[in-house]
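Everything below concerns the one structure shown next.
The values are calculated or read from the model by the stated rules, or taken from the named source; none is laboratory data. No experiment lies behind these values; they were computed from the predicted model shown. Here the Cβ positions follow ideal geometry from the backbone for every residue, glycine too, while neighbour counts run over all protein chains shown.
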Amino acid sequence: MNCACCGGWDADRVIQTPDYELHIDAPFEISACRNCGHIYTSVRPGRSALFSKFYPDEYICYGGKRGVDGFMDRKRMEGQAVQRAKMIKKYVGQRNPVRLLEVGCATGEFIKTCRNRFGWEVAGIEPNRPLSDALNREGYPVLPSTLEDADIPDEQYDVVSLFNVLEHLWDPVYSLKRINRLLKPGGLAVLELPNFDSPSRKRFGKHWFLYHLPRHLSHFTKKSLTGLMNGCGFEKVDILKQFRPTVNVLSFQYAVQDRIRSNPVRSFCSARNPAMIAAGIFFELLQNRMGDSNIITAIFRKTAAVFQPIVSLLKERTL
Ligand SMILES: [Zn+2]
């Protein structure tokens with residue numbers, strides 16, 4: 001694959017790693033573009049194979065678990081949705097009601113929270129048909145579409161949010177320009193995504209959970225994200241660290257599964273073991289305090305609907 005940001009073909013390999021979640025095909029590869037600095041999954045399945053084969057209905061983000069696990073998952077997602085909405089509320093100022101579009105709204109906890117607790121006008125885009133159909137039945141306007149194909153008029157929204165979505169998109173430049181057009185003047189793009197500068201990534205190597213190949217196609221640092229957003233007509237408002245200890249636990253679990261055959265050891269290292277969770281929390285606290293987080297939330301404001309050619313993502317521009 002060539003670079004999705006500048007179209008360049010010259011790239012240096014960063015790492016090779018398999019799909020630790022579904023254990024199909026392998027290995028995939030991440031490279032850094034020599035021209036613009038974008039880091040992307042250069043060895044990946046074709047577009048239709050990727051979306052038909054690597055996003056099964058039981059995919060981790062589609063919330064398909066049943067019983068106690070499903071209940072706990074929903075509670076965790078509801079709590080996270082409230083935190084996210086409160087965070088956005090601080091940045092939107094006096095706009096009321098806020099008109100919000102969530103790209104990749106999955107099971108819809110976030111848009112439900114925004115409407116029911118904050119009275120915002122919400123809409124969503126979700127390409128997984130059973131999920132978008134379920135939300136439509138509950139009265140939430142969710143388009144069963146990708147962002148590229150969604151038929152929505154321009155300048156409709158105060159906020160467009162993408163929680164752990166940008167890194168999955170086939171064409172991040174086109175998508176961000178589309179988001180720019182969907183926002184009203186001065187509107188906010190709120191993006192949560194993995195941080196390629198995370199100390200955990202360096203510590204866990206190919207076992208870092210957030211490589212998530214081949215589903216993650218772009219891999220951003222704060223600097224490269226800001227460069228890309230600048231080129232797509234946005235200015236940086238803030239970039240926040242997030243506290244996600246599970247990333248450490250799951251990365252450790254991948255490393256153990258890869259290296260140790262003993263079943264008792266593998267069971268002990270399960271992501272459900274309280275000792276593992278405690279260790280994950282400790283490391284997340286430590287790295288957030290000393291350096292950088294596994295996940296970041298970036299808030300950018302639309303400054304213009306004029307786009308800059310992407311020459312380098314590693315140079316922040318003054319708009
Ligand atoms: Zn490039």
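Could you grab me the full set of residues in region 31-51 that are of a type in the set (Gly, Ala, Ser) and either in a loop (DSSP other than H, G, I, E, B) or within 13 Å of the ligand (Cβ to nearest atom) (or both)? Within region 31-51, Ser31, Ala32, Gly37, Ser42, Gly46 qualify. The set of residues in region 218-243 that are within 14 Å of the chain's Cα centre (by Cα) and either aromatic (Phe, Trp, Tyr) or crowded, with 23+ Cβ neighbours inside 10 Å (or both) comprises Ser218, His219, Phe220, Leu225. Entry remark, region 273-302: residues being of a type outside the set (A, V, I, L, M) and outside any helix (DSSP H, G or I) number 9 in total. For region 1-30, the set of residues classified as aromatic (Phe, Trp, Tyr), farther than 14 Å from Gly205 by Cβ and away from the ligand (no atom under 16 Å from the Cβ) consists of Phe28 only.
Pairs are defined by a Cβ separation below 9 Å, a sequence spacing of at least 6 or placement on different chains, a first member in region 135-157 that is under 14 Å from Ile111 (Cβ atoms), and a second member that is of a type in the set (Lys, Arg); the pairs so defined are Leu135/Lys112; Glu138/Lys112; Tyr140/Lys112; Tyr140/Arg115; Tyr157/Arg99; Tyr157/Lys184.
Close Cβ contacts (under 8 Å, 6 or more residues apart or on different chains) running from residues in region 300-314 that are closer than 18 Å to Val237 by Cα to residues that are among the aliphatic types (A, V, I, L, M) and assigned to a loop (DSSP other than H, G, I, E, B) comprise Thr303/Leu319; Ala304/Leu319. For Val142, state whether it is more than 25 Å from Leu228 (Cβ to Cβ), at pLDDT 95 or above and hydrophobic (A, V, I, L, M, F, W, C). The answer is yes for Val142.
Does Val237 count as more than 16 Å from the ligand (Cβ to nearest atom), in contact (Cβ under 8 Å) with a residue 40 or more places away in the chain and outside any loop (DSSP other than H, G, I, E, B)? When the stated conditions are applied, Val237 passes them. Check whether at least one residue in region 211-231 is under 24 Å from Asp171 (Cβ atoms), touching a His at 6+ places or on another chain (Cβ under 8 Å) and in a strand (DSSP E or B), and report yes or no. Taking every residue of region 211-231 in turn, at least one turns out to be under 24 Å from Asp171 (Cβ atoms), touching a His at 6+ places or on another chain (Cβ under 8 Å) and in a strand (DSSP E or B).
Selection over region 284-304 of residues that are at pLDDT below 85 and surrounded by 14 or more Cβ atoms within 10 Å (Cβ to Cβ) gives a count of 3. For region 247-297, residues that are without any contact (Cβ under 8 Å) to a residue 12 or more places away in the chain and among the charged types (D, E, K, R) total 5. Scanning region 27-77 for residues that are modelled with pLDDT under 90, of a type in the set (Phe, Trp, Tyr) and under 19 Å from the mean Cα position of the chain (by Cα) yields Phe51, Phe54, Tyr55, Tyr59, Tyr62.
Residues that are out of contact with any helix residue (DSSP H, G or I) (no Cβ under 8 Å at 6 or more places or on another chain) and acidic (Asp, Glu) were ranked within region 155-190; the one that is modelled with the lowest pLDDT is Asp171. For Gly93, the conditions (1) within 20 Å of Leu191 (Cβ to Cβ); (2) surrounded by fewer than 16 Cβ atoms within 10 Å (Cβ to Cβ); (3) at pLDDT 90 or above are fulfilled apart from (3).
Taking the criterion of being of a type in the set (Ser, Thr, Tyr) and closer than 12 Å to Ala278 by Cα, the only residue of region 242-260 that qualifies is Thr246. Does Ala304 satisfy being of a type in the set (Gly, Ala, Ser) and under 22 Å from the mean Cα position of the chain (by Cα)? The answer is no for Ala304.
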